[in-house]
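A short write-up of the structure that comes next.
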Amino acid sequence: MDATQVEKYKLLGLNVAYYRKKCGLTQEQLAELIDADRTHISNVEIARTGVSLDVIFRIADVLEVPVHRLFEFRD
């Protein structure tokens with residue numbers, strides 16, 4: 001992960017967590033639905049790791065949100 005982009009990863013992680021909780025899913029449930037480890041979901045949500053577009057697309061599909069919503073950063 002590019003250190004200059006950390007804030008954007010944090011905002012992305014907050015959006016993933018927001019929509020996951022809105023759907024009533026735990027990190028473990030989301031991980032199972034996208035075929036990933038729970039720790040990977042946790043690391044995405046707290047911006048500890050970068051995330052591939054494939055994973056972003058799967059998350060958006062499961063959460064039933066357009067991909068761009070995950071990148072809409074609120075002030």
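The values are calculated or read from the model by the stated rules, or taken from the named source; none is laboratory data. If you're wondering where the values come from, they're calculated on a predicted model, not measured in any experiment. Every residue, glycine among them, receives a Cβ derived from its backbone with ideal geometry; neighbour counts consider all protein chains shown. All accessible areas refer to the heavy atoms of the entire protein, side chains included, with ligands and DNA or RNA removed. Shrake-Rupley method; radii C 1.70, N 1.55, O 1.52, S 1.80 Å.
Looking only at the range 1-24, count every residue that is aliphatic (A, V, I, L, M) and in contact with a helix residue (DSSP H, G or I) (Cβ under 9 Å, 6 or more places away or on another chain) and tell me the total. I'd like the intermediate steps shown before the answer.
Of the residues in the range 1-24, the ones aliphatic (A, V, I, L, M) are 1, 3, 6, 11-12, 14, 16-17.
So of that shortlist, the ones also in contact with a helix residue (DSSP H, G or I) (Cβ under 9 Å, 6 or more places away or on another chain) come out as 1, 12, 14, 16-17.
So the count comes out to 5.
For the range 24-51, enumerate the residues that are of a type in the set (S, T, N, Q) and at pLDDT 95 or above. Walk me through it before giving the result.
Initially, the range 24-51 is screened for residues of a type in the set (S, T, N, Q), giving 26-27, 29, 39, 42-43, 49.
Across the range 24-51, the qualifying residues are Thr26, Gln27, Gln29, Thr39, Ser42, Asn43.
Look at Val55 and say whether it is assigned to a helix (DSSP H, G or I) and either free of Cβ contacts under 8 Å to residues at least 12 places away in the same chain or within 10 Å of the chain's Cα centre (by Cα) (or both). Full working, then the answer.
Values: assigned to a helix (DSSP H, G or I): yes; either free of Cβ contacts under 8 Å to residues at least 12 places away in the same chain or within 10 Å of the chain's Cα centre (by Cα) (or both): yes.
Answer is yes for this residue.
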Checklist line | Output for the range 7-26, where each listed residue is closer than 13 Å to Ile41 by Cα and among the aliphatic types (A, V, I, L, M) | finding: Leu12, Leu14, Val16, Ala17, Leu25
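Taking the stated definitions as given, is Val16 touching an Asp or Glu at 6+ places or on another chain (Cβ under 9 Å) and either in a helix (DSSP H, G or I) or modelled with pLDDT of 95 or more (or both)?
On the way: touching an Asp or Glu at 6+ places or on another chain (Cβ under 9 Å): yes; either in a helix (DSSP H, G or I) or modelled with pLDDT of 95 or more (or both): yes.
Yes; evaluated as a whole, the condition is true for this residue.
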Notebook entry, point to check: How many residues does the range 45-55 contain that are buried (at least 17 other Cβ atoms within 10 Å of the Cβ) and either in contact with a Phe, Trp or Tyr (Cβ under 7 Å, 6 or more places away or on another chain) or β-branched (Val, Ile, Thr) (or both)?
Noted result: 3
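Just to verify a result, which residue in the range 6-21, among those that are without any contact (Cβ under 8 Å) to a residue 40 or more places away in the chain and closer than 14 Å to Glu64 by Cα, is most open to solvent (accessible area, probe 1.4 Å)? Step through it out loud before you land on a result.
Keep residues of the range 6-21 that are without any contact (Cβ under 8 Å) to a residue 40 or more places away in the chain, which gives 7, 10, 13-14, 17-18, 21.
Narrowing the set further to residues that are closer than 14 Å to Glu64 by Cα leaves 17-18, 21.
On the way: Ala17: 15, Tyr18: 110, Lys21: 135 Å².
Taking the candidates together, the pick is Lys21.
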Checklist line | Extreme residue, most open to solvent (accessible area, probe 1.4 Å), among residues of the range 22-44 that are among the small types (Gly, Ala, Ser) and not in a helix (DSSP H, G or I) | finding: Gly24
